[in-house]
Amino acid sequence: MKIADFNFAGKKAIVRVDFNVPLDENGNVTDDTRIRGALPTLKKVLADGGALIMMSHMGKPKGKVNEKLSLSQIVPNVSAALGVEVKFAKDCGNASEEAAALKPGEALLLENLRFYPEEEGKPVDVEKGTPEFDAAKKEMKGRQQEFAKKLASYADCYVMDAFGTAHRKHASTAVIDEYFDKDHKMLGYLMEKEVHAVDAVLGNIKRPFTAIMGGSKVSTKIGIIENLLTKVDNLILCGGMTYTFAKAQGGHIGLSICEDDKLDVALDVIKKAKENGVNLVLGTDSVCGDAFKNDCNTQVCPSGAIPEGWEGMDAGPETRKLFANAIKGAKTILWNGPAGVFEFDNFAGGSKAIAEAIAEATKEGAFSLIGGGDSVACINKFGLADQVSYISTGGGALLEAIEGKVLPGVAAIEA
């Protein structure tokens, strides 16, 4: 079922949204991108004359009630964005009355799903790897099923629109669907866009294809790096992982971040890139600092010859040129992870150079997909969000999709 073909008139729709938005210390929303991203789906339900029930998680309360992570704090923001007064159910697992009372054109937000351990389906207060944990896990699966059934009982149809959690087999993303037939469960508009964007990158690659992988650790990206080595023409590896590669090749990296247990993995990536004819672009120089702060002393050093007491914190001027050249002329571009400590203005130049090169290539006709919290923050910081093709709302989900993994939240609807 496609959401555009479904008429919500007279029906109650329960929609899994991703309202895991950042809050300040007073509980005020600091970035409402995720709320705005869900609006096309939510407004379609209301415009058709349906009643809207929204459910989401926030943060990691680990199955326990935590007022600092209560979704009650965002009700004013959701109400303002939707243009209707949103009601609130203080207990997502016992909201039958609030759901039953909902009239067409009205909206209800349920409390944080993760206040219940059944949402994630993980036992709490039991140590992993013990016989007790295995027994508790089995028992929890049954409880997760019941929790999903309860959520499903509030509505006539189910819409999955939370791409950021699509890689998790949680009650609200990949169990609840079992209680709706194929004509009453569907992906929301945001999910459809995300799935199409991933398909545009991997299912319909226009060459040359340049991927940029940043961030501090090789270990968190190795699966996707290995998968990309069979698909891309150019692979830029930047950020903190630069120094694991530099050290693996015999370089001196001073105080730079490094995964010493992944040096062999780095050498293997270099070898596989050669075997696959991939142009692997690694940083040759770095902007280094003598302390981890914005206003420390800086110098530019070769990435494999950083003096003691100094650490690489951004891509150097020569490296930025190499990155820009690998992006120039590309027809498909994927970017995940910054090139340095971009939160510090003095170390944002490498990430900015990448963002500008992507914007330029997009103008020339490339399809550019930006995903993952830090890359999105980079694009927004440099004011270039409207100059790329697509910005993904899901970091982990996007990476797993590109890694070739099946996303439970998508499979649940499309099965």
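Go through (1) among the charged types (D, E, K, R); (2) over 22 Å from Ala162 (Cα atoms); (3) surrounded by 13 or more Cβ atoms within 10 Å (Cβ to Cβ) one by one and return the number of the condition Lys62 breaks.
(2)
Which of the residues belonging to segment 342-382 are modelled with pLDDT of 95 or more, more than 20 Å from Thr210 (Cα to Cα) and surrounded by fewer than 16 Cβ atoms within 10 Å (Cβ to Cβ)?
The one that is modelled with pLDDT of 95 or more, more than 20 Å from Thr210 (Cα to Cα) and surrounded by fewer than 16 Cβ atoms within 10 Å (Cβ to Cβ): Asp345.
Let me spell it out: the conditions are (1) modelled with pLDDT under 95; (2) farther than 17 Å from Arg114 by Cβ; (3) charged (D, E, K, R), and Lys12 meets all of them except one. Which number is the exception?
So the condition that Lys12 fails would be (1).
Give the residues of segment 326-364 that are in contact (Cβ under 8 Å) with a residue 60 or more places away in the chain and among the aromatic types (Phe, Trp, Tyr), sorted by residue number.
Trp335, Phe347
Run down Ala51, Ala13, Ala4, Ala9 and say which single residue is more than 13 Å from Gly188 (Cβ to Cβ), small (Gly, Ala, Ser) and in contact with a Phe, Trp or Tyr (Cβ under 9 Å, 6 or more places away or on another chain).
Ala51
Among the residues of segment 42-60, count how many are over 10 Å from Asn7 (Cα atoms) and in a loop (DSSP other than H, G, I, E, B).
Count: 5.
Would you say Lys11 is in contact (Cβ under 8 Å) with a residue 60 or more places away in the chain, touching an Asp or Glu at 6+ places or on another chain (Cβ under 9 Å) and not hydrophobic (A, V, I, L, M, F, W, C)?
In short, yes.
Looking at segment 88-188, what strands (runs of 3 or more DSSP E) fall wholly within it and have at least 1 residues that are touching a residue at least 40 places away in the same chain (Cβ under 8 Å), open to solvent by 10 Å² or more (accessible area, probe 1.4 Å) and in contact with a Cys (Cβ under 9 Å, 6 or more places away or on another chain)?
Output list reads 185-187.
Of the numbered conditions (1) touching a Lys or Arg at 6+ places or on another chain (Cβ under 7 Å); (2) farther than 30 Å from Ala348 by Cα, Glu178 satisfies every one except a single condition; which is it?
Single failed check for Glu178: (1).
Does segment 311-326 contain at least one residue that is open to solvent by 50 Å² or more (accessible area, probe 1.4 Å) and part of a loop (DSSP other than H, G, I, E, B)?
no
Could you tell me how many of the residues in segment 156-197 are of a type in the set (Gly, Ala, Ser) and modelled with pLDDT of 95 or more?
Residues flagged as of a type in the set (Gly, Ala, Ser) and modelled with pLDDT of 95 or more within segment 156-197 amount to 5.
Looking at segment 23-44, which of its residues are surrounded by 13 or more Cβ atoms within 10 Å (Cβ to Cβ) and in contact with a strand residue (DSSP E or B) (Cβ under 8 Å, 6 or more places away or on another chain)?
Result: Leu23, Val29, Ile35, Ala38, Thr41, Leu42.
So which of Ala51, Ala47 ends up being loosely packed, with under 14 Cβ neighbours inside 10 Å and modelled with pLDDT of 95 or more?
Only one candidate passes the filter, namely Ala47.
Given the criteria β-branched (Val, Ile, Thr), over 23 Å from Asp177 (Cβ atoms), outside any loop (DSSP other than H, G, I, E, B) and in contact with a Gly (Cβ under 9 Å, 6 or more places away or on another chain), does Ile35 qualify?
No: the conditions fail for Ile35.
The values are calculated or read from the model by the stated rules, or taken from the named source; none is laboratory data. Given the structure is predicted, the values throughout are model-derived calculations rather than measurements. We place every Cβ from the backbone using ideal geometry, glycine too, and count neighbours over all the protein chains shown. Quick note on the areas: whole protein, heavy atoms, side chains included, nothing else; ligands and nucleic acids left out. Shrake-Rupley method; radii C 1.70, N 1.55, O 1.52, S 1.80 Å.
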